[in-house]
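Peer 1: This is the structure I want to talk about, given as C-alpha cells.
Throughout, read-outs are computed from the coordinates displayed, never taken from laboratory work. Small disclaimer: the values here were computed from a predicted structure and weren't measured. Please note: Cβ atoms are built from the backbone with ideal geometry, for glycine as well, and neighbour counts cover all protein chains shown.
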C-alpha cells in the first residue's frame, strides 16, 4: 500500500502535527466543559494550579505520572512491533500479585531494598506471564492480540477478585484487600528531591518507583534503538514480510515483545501497592493501563515523548481532582473524555490535518523557491 | 417439577440478558462483515442507553427515548466510520477512543443535567417499554410443561425482545439472499473486487457502519428503558465486549450469533443463580469463574482448539483506491 502523504520536515512531523492534534482534542474537551455550563479557561487555570501550584499537588501529579510512564512504555513497545496491547490493565492487575506476595513473605525480616528487588522481578514476571499467553496465541495460532488481550483484562479482573476475596483477605476482615505491609514493604518517598527545590511535598505518595520508571524509559530507548532485538522488533512493525525475508523469527519476536510489554505494564503495580497504599486493594490499577494507550499515542511511542505525555496525564488526574472541588459538575470522569479525545485525535485521526499542513508547506516552499529564483536573476 | 420450574426461571432470565448481547453482536456483524472492526460496541451501547434514558424522562415518551438512543449511537458510529473509512485511521484505536468518550461523557452530562450522581431519573409508566403478553398466556398457564413454557418463557417479554430474535433470521436473509448482503460480504473480503465492479467501497462501508449504529442504539435503549427503568453510570458493564466475544465465537454468522449470545446469557443467568449454591458433582464454583467463562471460551476458540474463527479477510485494513 502506498503512503499517500508527502514527506514533511521532522519538526513538523514530530512536533507540530502532534501538538495540533492535541490542541484539537483539548478544544473539544473545552466544548464539553462549556456544555456543562462552566468556563473552560477557568477550568484549565484551576487544573494547572491544582497540579503544579503547590508542593503536594506536584507530588501527586508525578505520582500519577509514574503509573502512566510504565503503561505508556508498555503500549509503545508493542506498537513498535505492530502489536496493539490493550491488556496493560489486566497485566498490571495480575502483576499486583508479583508485588504483594514478596512483600507479604519478606516484609518481616528482609530490608526494604531486597523486598523492592524481589517485587520488581515479581511484578515484571507476573505481567510478562499474563501477556505471554496472548503473545503466544498471536504468534503460533494467529489469534488477534487485540481481542485476546481484551478478554484477558476481564479474566484478570475476575481472577483478582477471587484471589483478594477468597485467598489473600486476612481472616476476620471485611475489606477485600491484603494485610498492610510492614515498614520494609514500603518504598521510600522522594522528599529529598523536593527539598532540593525548596518545596514541601506534604502527604503526596511520590516515591522511588518514579526513578525506576525513568530508568525503564532509558532501557526501552536503548533496547528499541540500540540493540539487535530492537532492530528486529522495529523491522517486524514496519513490514512483517521484510522481516521474514531477512530471516527474523517472527513468532519469537512477537512473544518476546509481548512479554516485554507485559513486564513494563506489570511494574506499574509497584507504585500504588508499595509506594502508596502499602497493601493490595481491589481495582488498584484504576484505568492506568488504558491511559497508557493515550500516552503512547501522544508520545509517538518514543520515551522522550512518553515521559512528558505521562506527566501531562498526571496533571489531568491531579488537577482534575482539584477542579471538582470548585466545579462540582466536572468530576474525574472529565479525564476519561479527554483521554478518549486524545486517543481519537492523536491516534485514529492522526492524519486529518496532514493534507492541509502539507499543502501549506508546499506553497511556503514554492514561494521560497520563487524568491531564490528571483534573487538569482 | 421443582427442577423444571427452576429451569424455566433460569431460561427466562437467560432470554432477558441475551437480548442486548444479540442486538450488539448483530450490530458488530454488519460492521465487521464489511471490513470495519468495531471494538466500540460497548461505548455506543452505553451512550445510547444514556441518551434513551435521558430523552425518555425529559419528553415522557419511550419512543422519543428510542429515537434519541439510535441517533446518538449512529453519530458515534459515523465518527468511527469517518476515522476508519475516510481518514483511513486505525480502527482499533478509534473504537477504544469511542469507548472512553462515551464512558466519560455519559457521567459528566448526566451529572450536569440531572444531578443524581450520573443516573437519569427513574422512568415511570409510558416512559419505558412494557412487557407484552402473548394471546391466551394466562389461560394456558395451567397446562403442564407446555403451558409453563408458553406463558412463562415465550410470553411476557418486551417487544424489543421479539424484535431482537426476529432480527436474527432477517440478518441471515439480508446477508445471504440480497444484493446488499452479497456486496457487504464482498467488501469485507476483497474490497478491490467490489471497487472494480464499479460499486463504491466507501458508501457501502458507511452503510454498514450506520446499520451497526442503529442496532447498538436499540441495544442501549433496551438496557436503560426495558431491562431497567433509567440509566445508571457504566451500566453496560462489559456487555459490548461480551457481544464482541459472542460475534467471534459465532464465527461472524448470524444464527450462530444468537446461540453464542444465548450461551453467554445462560452463563450469566447461572452465575447469578448459583451464588452460594453448589452444583451436583462439581461442588461450589466461584462466581468469578462463571463470569470469566465467556471470555475464557472465546480465547480457547480463538486459539483454534474448538474450530477456527477466521475473520473477514479485509477486516481492519483501510481501503486505498489505486492511484
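Peer 1: Listing B:195, A:200 from the residue with the fewest other Cβ atoms within 10 Å to the one with the most, what is the order? Could the numbers behind the result be given before it?
Peer 2: On the way: B:195 17, A:200 12.
Result, fewest neighbours first: A:200, B:195.
Peer 1: Running a GNM on chain A with Cα contacts under 10 Å, which residue among A:266, A:59, A:305 ends up with the highest mean-square fluctuation?
Peer 2: Per the Cα network of chain A with a 10 Å cutoff, A:305 tops the list.
Peer 1: Hey, what number do you get for the protein assembly as shown at 222 nm if only DSSP H runs of n ≥ 4 count, each worth -39500 (n - 2.57), divided across all residues, to the nearest 500? Walk me through the numbers on the way to the answer.
Peer 2: On the way: 27 runs with 451 residues, N = 700.
So the helix-based figure for the protein assembly as shown works out to -21500 deg cm²/dmol.
Peer 1: May I pose another question? Can you list the equivalent-ellipsoid semi-axes of the stretch B:54-204, largest first and in whole Å, using the square root of 5 times each Cα gyration tensor eigenvalue?
Peer 2: Details: eigenvalues 270, 166, 29 Å².
So the equivalent ellipsoid measures 37, 29, 12 Å along its semi-axes.
Peer 1: Please express the Cα-Cα pair-distance distribution P(r) of the stretch A:178-254 as a list of whole percents, one per 10 Å bin, running from 0 to the bin with the greatest distance.
Peer 2: 16, 26, 19, 17, 17, 5
Peer 1: Quick one: what Rg and Dmax do you get for chain B from the alpha carbons, in Å?
Peer 2: 20.4, 70
Peer 1: Any number yet on Rg/Rh for the stretch B:161-208, C-alpha, Kirkwood? Mind showing how you got there, number by number?
Peer 2: On the way: Rg = 12.5 Å, Rh = 11.4 Å.
Result: Rg/Rh = 1.09.
Peer 1: Could I ask something else about it? Residue A:180 to residue A:359: FRET efficiency via 1/(1 + (r/R0)^6), r the Cβ-Cβ distance, R0 60 Å, to the nearest 0.05? Spell out each step's value before the answer.
Peer 2: Numbers: r = 61 Å, r/R0 = 1.01.
So the FRET efficiency works out to roughly 0.50.
Peer 1: Something else about it: How many partner chain Cβ atoms sit within 10 Å of a residue's Cβ in peptide A:334-342, on average, as a whole number?
Peer 2: Working: counts 4, 2, 10, 10, 3, 6, 11, 5, 2.
Partner Cβ neighbours, averaged per residue: 6.
Peer 1: GNM, chain A, Cα, under 10 Å: largest mean-square fluctuation among A:284, A:360, A:52?
Peer 2: A:360
Peer 1: Within the P(r) computed for the stretch A:18-85, what percentage of the Cα pairs occupies the region above 16 Å? Intermediate results must be reported in sequence, preceding the final value.
Peer 2: Details: 1527 of 2278 pairs.
Cα-Cα pairs in the stretch A:18-85 separated by more than 16 Å: 67 percent.
Peer 1: Next question, about the same structure. Per residue of A:157-168, count partner chain C-beta atoms within 10 Å of its C-beta, then hand back the mean as an integer. Walk me through the numbers before you get to the answer.
Peer 2: Values: counts 5, 10, 4, 1, 5, 6, 1, 0, 3, 2, 0, 0.
That works out to 3 on average.
Peer 1: Right, another one. Given the convex hull of the Cα atoms of the protein assembly as shown, what is a quarter of its surface area in nm²?
Peer 2: Projected area, direction-averaged: 37.4 nm².
Peer 1: How are the alpha carbon pair distances in the stretch B:96-179 distributed across 10 Å bins from zero to the largest one, expressed in percent?
Peer 2: 14, 20, 25, 25, 14, 1
Peer 1: Moving on to the next point. To the nearest 0.05, how large is the calculated FRET efficiency for residue B:176 and residue A:246 if R₀ is 30 Å and r is the Cβ-Cβ distance?
Peer 2: Numbers: r = 43 Å, r/R0 = 1.45.
Here the calculated transfer efficiency is 0.10.
Peer 1: Okay, next question. Exposure proxy check: A:323, A:253 ranked by fewest other beta carbons within 10 Å?
Peer 2: On the way: A:323 27, A:253 22.
Lowest count first: A:253, A:323.
Peer 1: Based on Cα coordinates alone, diagonalise the gyration tensor for the stretch A:256-344, multiply each eigenvalue by 5, take square roots, and list the semi-axes in whole Å, largest first. Before the final figure, lay out each step's value.
Peer 2: On the way: eigenvalues 109, 71, 23 Å².
After scaling each eigenvalue by five and taking roots: 23, 19, 11 Å.
Peer 1: Please label the shape of the stretch B:1-104 as rounded, prolate or oblate, based on the square roots a ≥ b ≥ c of the eigenvalues of the alpha-carbon gyration tensor (a/c under 1.5 means rounded; beyond that, a/b larger than b/c means prolate, else oblate). Working shown, then result.
Peer 2: On the way: a/c = 2.88, a/b = 1.53, b/c = 1.89.
The shape class here is oblate.
Peer 1: Please check: in the Gaussian network model of chain B (C-alpha springs, under 10 Å), which one of B:22, B:218, B:272 has the largest mean-square fluctuation.
Peer 2: B:272
Peer 1: Describe numerically, in nm with one decimal, the distance between label points set 7 Å from Cα along Cα→Cβ at residue A:39 and at residue B:64.
Peer 2: Using points 7 Å along Cα→Cβ, the separation is 3.4 nm.
Peer 1: Still on this model: Order these by the 10 Å Cβ neighbour count, fewest first: A:232, B:125. Write out the running numbers ahead of the final one.
Peer 2: Working: A:232 21, B:125 9.
The order, fewest Cβ neighbours first, is B:125, A:232.
Peer 1: P(r) for the stretch A:172-314: what percent of alpha-carbon pairs falls in each 5 Å bin, starting at zero?
Peer 2: Binned Cα distances yield the sequence 2, 8, 13, 17, 17, 14, 11, 7, 5, 3, 2, 0, 0.
Peer 1: Here's another thing I want to ask about it. Computed on alpha carbon atoms, what radius of gyration and Dmax characterise the stretch A:65-311, expressed in Å?
Peer 2: Gyration radius and largest Cα-Cα distance of the stretch A:65-311: 18.2, 61 Å.
Peer 1: Let me confirm one metric for peptide A:27-35, namely the mean number of other chain beta-carbon atoms within 10 Å of its residues' beta-carbons.
Peer 2: Numbers: counts 0, 1, 2, 0, 0, 6, 2, 0, 5.
Partner-chain Cβ atoms within 10 Å, mean over residues of A:27-35: 2.
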